[in-house]
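Participant: Pasting a structure here, questions to come.
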Amino acid sequence: MTRRVSQPEGSLPTNRAVCARVEVTHDIGLHARPSVAFTRLAKSFPCAIGVEVNEDGVWLNGKSIVKIMGARIRKGFVLSIKADGAGADEAVRALCALVERNFDEEKPHARSA
């Protein structure tokens, strides 16, 4: 679910903030690999990206591996993902999709013989 955040009066509509919420369903949550996948994807967009965990009122830099891993995000936590600037819509959609796909962790990591 994406909702647009209203802009301050008198601001130009060229940059707009977009926000969506998504529940973490990965069994372990955002450990090292998922955190890297999330921040790497976030860094691929030119817009600013923030993450709020369980509506606690604290917005973390979504491009910072230290902030995302430090939040100790577990299964069942709800992330609010907000992007502001060029590509904000695409960034929020892509990051929510990554969370919904369990950070693409369903793929086997073992080498085949």
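Participant: Consider ALA37 carefully, then state whether it is among the small types (Gly, Ala, Ser), in a helix (DSSP H, G or I), touching a residue at least 12 places away in the same chain (Cβ under 8 Å) and surrounded by 13 or more Cβ atoms within 10 Å (Cβ to Cβ).
Facilitator: Taking the combined requirement at face value, the residue satisfies it.
Participant: Restricting the search to the range 50-77, which residues are outside any loop (DSSP other than H, G, I, E, B) and either hydroxyl-bearing (Ser, Thr, Tyr) or closer than 20 Å to ASN102 by Cβ (or both)?
Facilitator: VAL51, VAL53, ILE65, ILE68, MET69
Participant: Using beta carbons and a limit of 6 Å, which pairs, at least six apart or on different chains, have the first residue in the range 41-61 and among the charged types (D, E, K, R) and the second one modelled with pLDDT of 95 or more?
Facilitator: So the pair list comes out as LYS43/LYS63; GLU52/TRP59; GLU52/SER80.
Participant: May I pose another question? Taking the conditions exactly as written (among the aliphatic types (A, V, I, L, M) and touching a Leu at 6+ places or on another chain (Cβ under 9 Å)), does VAL24 satisfy them or not?
Facilitator: Considered against the rule, which asks whether it is among the aliphatic types (A, V, I, L, M) and touching a Leu at 6+ places or on another chain (Cβ under 9 Å), VAL24 comes out as yes.
Participant: If you go through the range 78-109, how many residues are under 17 Å from VAL22 (Cβ atoms) and in a strand (DSSP E or B)?
Facilitator: 6
Participant: I've got another one for you. Run down GLU100, GLU90 and say which single residue is surrounded by 12 or more Cβ atoms within 10 Å (Cβ to Cβ), among the acidic types (Asp, Glu), touching a residue at least 40 places away in the same chain (Cβ under 8 Å) and under 14 Å from LEU30 (Cα atoms).
Facilitator: Testing whether each residue is surrounded by 12 or more Cβ atoms within 10 Å (Cβ to Cβ), among the acidic types (Asp, Glu), touching a residue at least 40 places away in the same chain (Cβ under 8 Å) and under 14 Å from LEU30 (Cα atoms) leaves just GLU100.
The values are calculated or read from the model by the stated rules, or taken from the named source; none is laboratory data. Every value quoted in this text rests on a predicted model; they were computed, and no experiment measured them. Positions of Cβ are generated from backbone atoms using ideal geometry, with glycine treated the same way; all protein chains shown enter the neighbour counts.
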